[in-house]
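Below is one structure, written out as structure tokens; comments come after it.
The values are calculated or read from the model by the stated rules, or taken from the named source; none is laboratory data. Remember, predicted model here, so these are calculated numbers, not experimental data. Ligands, DNA and RNA are excluded from the accessible area calculation, which covers all protein heavy atoms including side chains. Shrake-Rupley method; radii C 1.70, N 1.55, O 1.52, S 1.80 Å.
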Amino acid sequence: LLRYLKYTLDQYVENDYTVVYFHYGLKSLNKPSLKWLQTAYKEFDRKYVSKIFVLPSIIFKSLLTISFSFPRYKKNLKALYVVHPTNFIKILWNIFKPLISHKFGKKITYLNYLSDLREHLKYDQLNIPQEVIRYVESLKYIQKGKLPPVVKVPPPRPPLPTQQFGVSLQYIKDKNKGELIPPVMKETVSYLKRKGLHVEGLFRRSASIQTIKDVQKLYNQGKSVNFDDYHDIHIPAVILKTFLRELPQPLLTFDCYDHILGITGVESSLRVTRCKQIIQGLPEHNYIVLKYLICFLHMVSQESIYNRMTASSLACVFGLNLIWPSKGTASLSALVPLNLFTELLIDFYTNIFNSRTVPGE
């Protein structure tokens, strides 16, 4: 189990990530023992313990061990959602909250019902275990026939004319006098070109969730955003990633997903050519926006002696922000080809994008 945890975490902890913990199935017979927790404590080196709130700790008394032992938590963990928390968990947390990093404490959210996740995450992209779904159904009977409160979900509001997040590239273009590059993308890239190219760990650091929401709201309302006011170069970097991640369809489009997964099966000497072929099949607007973005990322990689962000590092950050499957989420095995494809785009930008010129580009 420890080896599995270490292997799994290694795929995620270097980037922004979110943990959803379903408090289900824990019994006295299968609780991790204190001896096991002590072993886990020793097994996880600084790379892991400084960036992950070990999941069993939120279940019971290991919470105390982790809280006392690791008072500082890295920013990479954006949020920890605890679904179906017990009163015991809440009481423990309230008792020891003063001893735990305030910044980390703000990342924890309790959700009583599975449906509450819809307000925080892209619910349809979550692979929720069937056991958890069945458990939710059984709660209706456990609660003496009392059903969870019925929440009337209002119909979705139409997007604002100034909307930037969560709408298509075409929508943004139509509402911005035919501009091909979305304003939020143009402004964040321009700002980062001027002030972020030599920042170590650019795109690897997270930022305050509330601040990011506030900036998104300003953009969606068509208001100006001055990133100098926030005194944090990582905010425009996170905003750029968030914009890409919230597109209704990924920039590389759903149609390209399976083709990109096949890049590892192509002979090394032919991979750049294959990348070019896949990119040639993109709609014109997607191609232009992608070229604009990759040109900037190539520029960032050229300054890696200062920012430590090589093409490989940038690919780990942007791979899943450029492409994801139409249903569910990308599996761990898919990360390798997705990141490899993105790395090739960045490394061989000039070669891959030199053969197609689009009118108005």
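Measure up LYS106/LYS173; LYS122/LYS186; LYS107/LYS241 against 30 Å on the Cα-Cα distance and list the ones that go over. Violating the 30 Å Cα-Cα cut-off are LYS106/LYS173. For MET309, the accessible area of its heavy atoms, probed at 1.4 Å with every protein chain present, is near 0 square angstrom. Once all protein chains are placed together, ILE260 keeps about 0 Å² accessible to a 1.4 angstrom probe. Taking every C-alpha pair closer than 8 Å and separated by at least 6 residues, the mean separation divided by the residue count of region 169-354 gives a relative contact order of 28 percent. These residues, SER268, SER168, SER313, go from largest to smallest accessible area, 1.4 Å probe, as SER268, SER168, SER313.
Leaving out ligands and nucleic acids, note down the accessible area per residue over region 176-285 with a 1.4 angstrom probe, in whole Å².
Numbers: 5330 Å² over 110 residues.
Per residue, region 176-285 has 48 Å² of solvent-accessible surface.
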